[in-house]
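Please read the structure below before turning to the comments.
The values are calculated or read from the model by the stated rules, or taken from the named source; none is laboratory data. Being a predicted model, the structure only gives us computed values, none of them experimental. When we count neighbours, we look across all protein chains shown, and the Cβ atoms used for this are built from the backbone with ideal geometry, even at glycine.
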Amino acid sequence: AQTVTQSQPEMSVQEAETVTLSCTYDTSESDYYLFWYKQPPSRQMILVIRQEAYKQQNATENRFSVNFQKAAKSFSLKISDSQLGDAAMYFCALSNAGNMLTFGGGTRLMVKP
Amino acid sequence: EAQVTQNPRYLITVTGKKLTVTCSQNMNHEYMSWYRQDPGLGLRQIYYSMNVEVTDKGDVPEGYKVSRKEKRNFPLILESPSPNQTSLYFCASSLIGAGKTQYFGPGTRLLVL
């Protein structure tokens, strides 16, 4: 069985500042993929970033980047230059060789103007 | 436009009254899945389907049924809803294969009285 844990139920950041959301996971598979999804108040699930476990290089998408520590089973999301539109629930998720996604409990990010 | 659609978006019902939530995708995806989202628990998989006439249980299948008679449609059936099935439901689809990005529908908010 695989598990994903997000230990921060809520986080806040000042607009234009940087914030890091934490995620740890556990899996017995050697081949897996990690994702961060954003859920704004509209409730739509939006893919933010994706990381292949076999790649050592951390994924980056514009202001979003990850710190993937495979040995520690850690996958944190860094948001730089935070904007008001970044306020949302963020979910970390794990997928192994199949298509099944296992999600963490989520972190609510508030952005202060 | 490539999308996953769900209907209805909101539903209030009473205990024991059968209901169906429809899900349809126009991306010719083989894989489809249903999740429920509850506070603090993230999204949990209810059922999934790898192709037409192929379905299997996820982590929380009790009280739910699904069918996959056509590739594009994957309805979720609650034959005798109970209050503990009050939740936010998401349908998702993707291509088959490790790490494929799942595309989510807009969600269905269900309240069972």
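Structure above, values below:
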quantity: Counted residues, the stretch A:46-72 - those being at pLDDT 95 or above, within 21 Å of A:Met100 (Cβ to Cβ) and not in a strand (DSSP E or B); calculated: 0
quantity: Unmet criterion (only one of (1) part of a strand (DSSP E or B); (2) exposed (fewer than 13 other Cβ atoms within 10 Å of the Cβ); (3) hydroxyl-bearing (Ser, Thr, Tyr)) for A:Thr20; calculated: (2)
quantity: Residues of the stretch B:62-100 classified as within 14 Å of chain A (Cβ to nearest Cβ) and either of a type in the set (A, V, I, L, M, F, W, C) or surrounded by fewer than 14 Cβ atoms within 10 Å (Cβ to Cβ) (or both), total; calculated: 9
quantity: Top-ranked residue in the stretch A:27-64 [being crowded, with 18+ Cβ neighbours inside 10 Å and hydroxyl-bearing (Ser, Thr, Tyr); ranked as nearest to A:Ser82 (Cα to Cα)]; calculated: A:Tyr37
quantity: Residue check for A:Ser65: farther than 29 Å from B:Val60 by Cβ, within 11 Å of the chain's Cα centre (by Cα) and hydroxyl-bearing (Ser, Thr, Tyr); calculated: yes
quantity: Single residue of B:Ser24, B:Ser93, B:Ser49 found to be touching a residue at least 60 places away in the same chain (Cβ under 8 Å) and in contact with a strand residue (DSSP E or B) (Cβ under 7 Å, 6 or more places away or on another chain); calculated: B:Ser93
quantity: Residue match in the stretch A:3-15 (condition: in a strand (DSSP E or B), touching a strand residue (DSSP E or B) at 6+ places or on another chain (Cβ under 8 Å) and crowded, with 21+ Cβ neighbours inside 10 Å); calculated: yes
quantity: For A:Arg43: the one exception among (1) more than 11 Å from chain B (Cβ to nearest Cβ); (2) in contact with a Gly (Cβ under 6 Å, 6 or more places away or on another chain); calculated: (1)
quantity: Check on A:Lys112, of a type outside the set (S, T, N, Q), surrounded by fewer than 18 Cβ atoms within 10 Å (Cβ to Cβ), more than 24 Å from B:Gln3 (Cβ to Cβ) and touching an Asp or Glu at 6+ places or on another chain (Cβ under 9 Å); calculated: yes
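Let's see how each residue does on (1) closer than 20 Å to B:Cys91 by Cβ; (2) more than 9 Å from every other protein chain (Cβ to nearest Cβ):
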| position | (1), (2) |
| --- | --- |
| A:Phe35 | yes, no |
| A:Lys38 | yes, yes |
| A:Leu47 | yes, no |
| A:Asn58 | no, yes |
| A:Ala72 | no, yes |
| A:Ser76 | no, yes |
| A:Ile79 | no, yes |
| A:Phe103 | yes, no |
| A:Thr107 | no, yes |
